[in-house]
1. Along its principal axes, what span do the Cα atoms of the stretch B:245-342 show, with the longest given first and each in whole Å?
2. Mind checking which lysines have their C-alpha under 28 Å from A:LYS37, skipping anything on the same chain fewer than 8 residues away?
3. To one decimal place, what orientation-averaged projected area in nm² is obtained for the convex hull of the Cα set of chain B?
4. Under the definition of partner shielding as Cβ atoms of other protein chains within 10 Å of a residue Cβ, what is the mean value for peptide B:432-444?
5. Structure shown: which of B:LYS275/B:LYS486; B:LYS86/B:LYS114; B:LYS373/B:LYS431; B:LYS433/B:LYS502 lie over 26 Å apart, alpha-carbon to alpha-carbon?
6. State the extension gain, in nm to one decimal, for the chain segment bounded by B:MET279 and B:ASP93, taking 0.36 nm per residue of separation less the distance between their alpha-carbons.
7. With label points built 7 Å along Cα→Cβ from the Cα atoms of A:MET34 and B:ASP430, find their separation and express it in nm.
8. Check B:ILE265: other-chain or 5+ apart residues with amide H under 5 Å from its amide H, H built from backbone geometry?
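Nothing in this text is a laboratory measurement; each read-out follows from the coordinates by a stated rule. None of these values were measured; they are calculated from a predicted model. Positions of Cβ are backbone-derived with ideal geometry, glycine not excepted, and every protein chain shown enters the neighbour counts.
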Amino acid sequence: MGLLSDGNTERVVLVLSHDYAGDDLLNEVKKLVMSSKARRLTFYVISPDGRPKYFQKLRPMISSIISTSFTVVYGGSTAEDLRRLLKSIDGGIVAAIIVGNCDEFKEILESSGINYKVLG
Amino acid sequence: MSLRKFLRVQALIIKFWGELAMPDYEVIITSDRTMMSNHHGKEFLGFLTTGPALFLPERMWLWLAAPKVRVDSEGRPVEAPYGLRKVEAKLVDAGFKAAIVDPDYLEKHLGSVKVLMVGHHDFFAYGPPSNEWWLLTGKEPVNRVSFINFMRSDAVRKIKGKGAKIIVGGPAAWQWLWELNFWEEFGVDTVVDGEAEKVIVDVVEKALNGDPLPDYISVGPLDTPSVEEIPTIKGASVNGLVEVMRGCPRGCRFCSVTLRPLRHIPLEVIEKEVKINLMSGVSSVLLHSEDVLLYGGNGVKPNPEPLIRLHELVRKNFKGPIAWSHASLASIKYSEDNYGLISKLMNDYVLNDEQKFLGVEVGIETGSPRLAKSVMPAKSLPYPPIKWPDVVEDAFSIMHENYVIPAATLIVGLPGETPDDVVKTAELMDKLKYYRSVIVPMFFVPMGNFRNRDWFNKHYLTSEHVDLMLKILQHTLYWAEDIMNKYYVKEPHLAPVRLCLKLFLQYVKWRASKLLPTLTATVTR
Ligand code: SF4
């Protein structure tokens, strides 16, 4: 099974607003990695920073995950993009983390039945 | 028709048929010149690419450190970096039309290329020792300049312009996270971090099918390839490098290699790769492992039999120079003290009429037992970390007596380092001054379990550091001259390279004498 194939992968949605949660995000992701039963993780990122600038906020997270394989996919910047992303992924999301105060995003996640945590 | 006209027409016909007959490579694997070079057949000269051009124009420096390589009619290099060869082999085995192409010949394949894969050891010169030369001289190292120029070249722009995907990877993949402007400017689609064998076929397939690609792929320890999943190279590697082992059991906390499992490559595969290199005309064998002496060993203890068989196998095929990429100082001491193995390997297999020494990279990192215990507790095994300085000195003495010439690294600014640790390292330097070696100080770069630590920079330099660096400089200048006079770059056709190196050594001596008072004054303040 390839690293990019869907099997044995847990999917996590990260919604990163302009407010950066620093260590909080790092700790939350670490908890996720520790509790994950899957061999691999895929992070779908929604961020207004655009591609690839959104990585600025992910550097500490990326450098701290050393035990698990993971991929990072950019999903766009708006609530509409999140909606489209959730539709295209078609379920299987184990967690979502929202950094910053974004009611629109919360509503979309709630209506899709996805548990989320708000940081910052 | 005049003879001249006839020859021109003939040349045009040959070119036309040559281009028609050119295979349609959909996947091109490449790198910039600092990587795509055999460094005049002297691996150590490649280190010059990690510094800025000093006392020479940049073009000349590049010629000295990374001359162009021979290519075939399709622009495929005769020798190419080993990591790129593995990617090429994996893709060819999977049925893709893939090839490594020299950076000067990319335009030949504009019509067919759909995926451009670029690998590098140090894309932006953040790795050691590039970052250190950069910080100390304030000038961008040649490898960084060369790579950026390559990515801005017409050929790469045209390839991107026609919609090809750009995938980058290699041991320095993480550096892209710190160069997001370049990531955007060059239009990189995917960054692959970690051993690529189990993921690369999938990625390329998706790229060719036009499927969406992830921006970043990090391959963890569980997805590293098994021995069977590592393909045999299809063409020669730079200076005949052949991997004998992957991973390292010593677990130093600042090292990323150690996060991966240990795999020993079977002798049959090693022999196949040695033969591929020799058949392509490469005239050296560079056995690659993080610790060549652990090949076929039990954990951290060298085992003589597989090592003897390995060297026997190489010598059976080849009489020319053999080198080891890396060996640990603990393994050198253990194998000589317990089996007389270094002397045996050197006298029975390595040294001959054509080979007067063996080059190897070793890691001292620190002379402080306290720091060794905290950041690299297994580096000295099977000896305790408290004995680390003695292990280093004994290993240096063994190498000196057996004509093994080490290029050793020392890390300045390891997490938790105190002035007393630096003094201990300086004391060790005093003991090492009798042993033939080149020692290179490196500034700490956050990697391995220390990936989220702070970088060391010149503002953290203390007077103890300066004292240590001066000792290292004196040591290396003294021995570099001796090594040059007796062993290195002796081939007549390399006389210009030799001259440049000698001038370079004189220049460094002169610069050091000028810089010393300023440096000491700055740190004392
Ligand atoms: S001995 Fe070398 S390769 Fe092995 S973990 Fe230590 S630094 Fe890394």
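1. 40, 30, 20
2. Leaving aside lysines fewer than 8 places away in the same chain, those within reach of A:LYS37 are A:LYS57, A:LYS87, A:LYS106, A:LYS117, B:LYS198, B:LYS206.
3. Details: hull surface 102.9 nm².
It is 25.7 nm².
4. On the way: counts 0, 0, 0, 0, 0, 0, 0, 0, 0, 0, 0, 0, 0.
The shielding value for this peptide is 0.
5. On the way: B:LYS275/B:LYS486 30 Å; B:LYS86/B:LYS114 20 Å; B:LYS373/B:LYS431 21 Å; B:LYS433/B:LYS502 21 Å.
Where the Cα-Cα span goes over 26 Å, the pairs concerned are B:LYS275/B:LYS486.
6. Length gained between B:MET279 and B:ASP93: 64.9 nm.
7. With each label point 7 Å from Cα toward Cβ, the separation is 4.6 nm.
8. Hits under the 5 Å cutoff: B:MET245, B:ARG246.
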